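Q: Attaching a single structure in structure tokens format; questions to follow.
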Amino acid sequence: MIALFSLALLFFASSLHVEAQDSESRIKVYANRGDNITLPCRLDGLSSLFGNRIKWTKLEDDSTETDVLMSMGFHKKTYGNYQDRVYLLEADDNDATLVFTNLDLKDYGTYRCEIINGMNDKTVEVDLELQGEDSLSFTGVVFPYSPPLGRYNLNFQNAEAACLEQDAVVASFEQLYAEWKSGLDWCNAGWLNDGTVQYPITKPREPCGGARTLAGLRNYGRRDKSNSRYDVFCFTASIQGRFYYLIQPKKLNYDEAVNACMRDGAEIAKVGHMYAAWKLLGYDRCDAGWLADGSVRYPISRPRKNCSPTEAAVRLVGFPNKKQQLYGVYCFKPQP
């Protein structure tokens, strides 16, 4: 594994970070959006790649598999949106490593490499997770999210979709733990990407697990992904574009806000854009503005009276009637 990782670093100057799991058949890879990375899979101990059947699939949450790549000697095929974005590294006869180019948020998840070689079949699973700018730490921001319907309305599949809609992915335990160590305190339980439901408490109190309990992550354990409903903890890393408050002569309703950003050559910003700009860039603005999900929020990096007097935070005004002309708007211009 060490030799393979060293080889991968020679091929790619990306922020790839690999962790061995409980056994050789489980690996974690952390990478940024837009990276070119490798998902390791070796055939050590088997005869040769030539003539072996190699199959890469993505494991979906409903227990189905999505085909990514099939290989039989010189014959190779990629599928769906993986076409022209993945290929086998094939650094030597024993290498079935998958090369991934231009990572997108929808690419994150668990992949399975199957090598069919007569009696010597082998399976490796790789968890591909979103990483921040620093490949050795969880640089980014975890934020709790609930939809306009209110608290505890998301099953796991809805939670994944909700995070993607906000330019984020469902957070991992490690990412939530790092955010808790940085001071995140939130009393609503939310999904994590391993299917558990947890919430971080830095100030123990009665409604949040009890006043006499220790600070930490409260863990409800694994829940039924289809029928259980909670909030979700999302994770977003680098912001790839410009986030800004659009100055307007008057307050706007939601449709006017969307159109104002479009006229400025931008799109209405998402919740993940605001959190990334606030946490990673120190963005500070005491003006409540519409976001794409219909919420109204504002980011405060410098606590002060009438804005956020006690702490730096992204403040949620709520999900008001979209016809109300009471707010400004935050826009986002993606990098060209």
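Q: Which of the numbered conditions does TYR283 fail, given that it passes all the others? Conditions: (1) part of a loop (DSSP other than H, G, I, E, B); (2) modelled with pLDDT of 95 or more; (3) more than 23 Å from ASN32 (Cα to Cα).
A: So the condition that TYR283 fails would be (3).
Q: Could you check TYR327 against (1) touching a Gly at 6+ places or on another chain (Cβ under 8 Å); (2) under 19 Å from LEU164 (Cβ atoms) and say which number it fails?
A: (2)
Q: For the stretch 241-269, give me the residue count where each residue is under 12 Å from LEU326 (Cβ atoms) and open to solvent by less than 60 Å² (accessible area, probe 1.4 Å).
A: Keep residues of the stretch 241-269 that are under 12 Å from LEU326 (Cβ atoms), which gives 250-254, 256-257.
Filter once more, keeping what is open to solvent by less than 60 Å² (accessible area, probe 1.4 Å): 252-254, 256-257.
Selection size over the stretch 241-269: 5.
Per-residue answers, yes or no, for (1) modelled with pLDDT of 90 or more; (2) open to solvent by less than 60 Å² (accessible area, probe 1.4 Å); (3) over 28 Å from LEU130 (Cα atoms); (4) within 27 Å of the chain's Cα centre (by Cα):
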position: VAL68; (1), (2), (3), (4): yes, yes, no, yes
position: GLY73; (1), (2), (3), (4): no, yes, yes, no
position: ARG85; (1), (2), (3), (4): yes, yes, no, yes
position: ALA91; (1), (2), (3), (4): no, yes, no, no
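Q: Within the stretch 174-183, is even one residue farther than 23 Å from VAL317 by Cβ, in contact (Cβ under 8 Å) with a residue 12 or more places away in the chain, of a type in the set (Phe, Trp, Tyr) and assigned to a loop (DSSP other than H, G, I, E, B)?
A: No; the residues of the stretch 174-183 include none that is farther than 23 Å from VAL317 by Cβ, in contact (Cβ under 8 Å) with a residue 12 or more places away in the chain, of a type in the set (Phe, Trp, Tyr) and assigned to a loop (DSSP other than H, G, I, E, B).
Q: Which one of the conditions (1) within 18 Å of VAL29 (Cβ to Cβ); (2) open to solvent by 20 Å² or more (accessible area, probe 1.4 Å); (3) in contact (Cβ under 8 Å) with a residue 60 or more places away in the chain does GLY109 fail to meet, given that it meets all the rest?
A: Checking GLY109 against (1) within 18 Å of VAL29 (Cβ to Cβ); (2) open to solvent by 20 Å² or more (accessible area, probe 1.4 Å); (3) in contact (Cβ under 8 Å) with a residue 60 or more places away in the chain, the one that fails is (3).
Q: Take the residues in the stretch 93-106 that are among the acidic types (Asp, Glu) and surrounded by fewer than 18 Cβ atoms within 10 Å (Cβ to Cβ), then tell me which one is nearest to VAL29 (Cα to Cα).
A: So in the stretch 93-106, the residues among the acidic types (Asp, Glu) come out as 93, 95, 104.
Retained after the next criterion (residues that are surrounded by fewer than 18 Cβ atoms within 10 Å (Cβ to Cβ)): 93, 104.
Details: ASP93: 23, ASP104: 14 Å.
In this case the residue turns out to be ASP104.
Q: As an exercise: evaluate GLY294 against (1) within 30 Å of ASP194 (Cβ to Cβ); (2) open to solvent by 20 Å² or more (accessible area, probe 1.4 Å) and give the number of the one condition it does not meet.
A: All conditions pass for GLY294, except number (2).
Q: Taking only pairs six or more apart or across chains, which ones have beta-carbon atoms under 8 Å, a first residue in the stretch 261-289 that is of a type in the set (Phe, Trp, Tyr), and a second residue that is part of a helix (DSSP H, G or I) and open to solvent by less than 30 Å² (accessible area, probe 1.4 Å)?
A: TYR283/MET274; TYR283/ALA277
Q: Out of all the residues in the stretch 222-240, which are modelled with pLDDT under 95, open to solvent by 20 Å² or more (accessible area, probe 1.4 Å) and outside any loop (DSSP other than H, G, I, E, B)?
A: ARG222
The values are calculated or read from the model by the stated rules, or taken from the named source; none is laboratory data. This one's a predicted model, so the numbers in the text were calculated from it and none came from an experiment. Quick reminder, even Gly has a Cβ in these numbers, built from the backbone with ideal geometry, and neighbours come from all protein chains shown. Quick note on the areas: whole protein, heavy atoms, side chains included, nothing else; ligands and nucleic acids left out. Shrake-Rupley method; radii C 1.70, N 1.55, O 1.52, S 1.80 Å.
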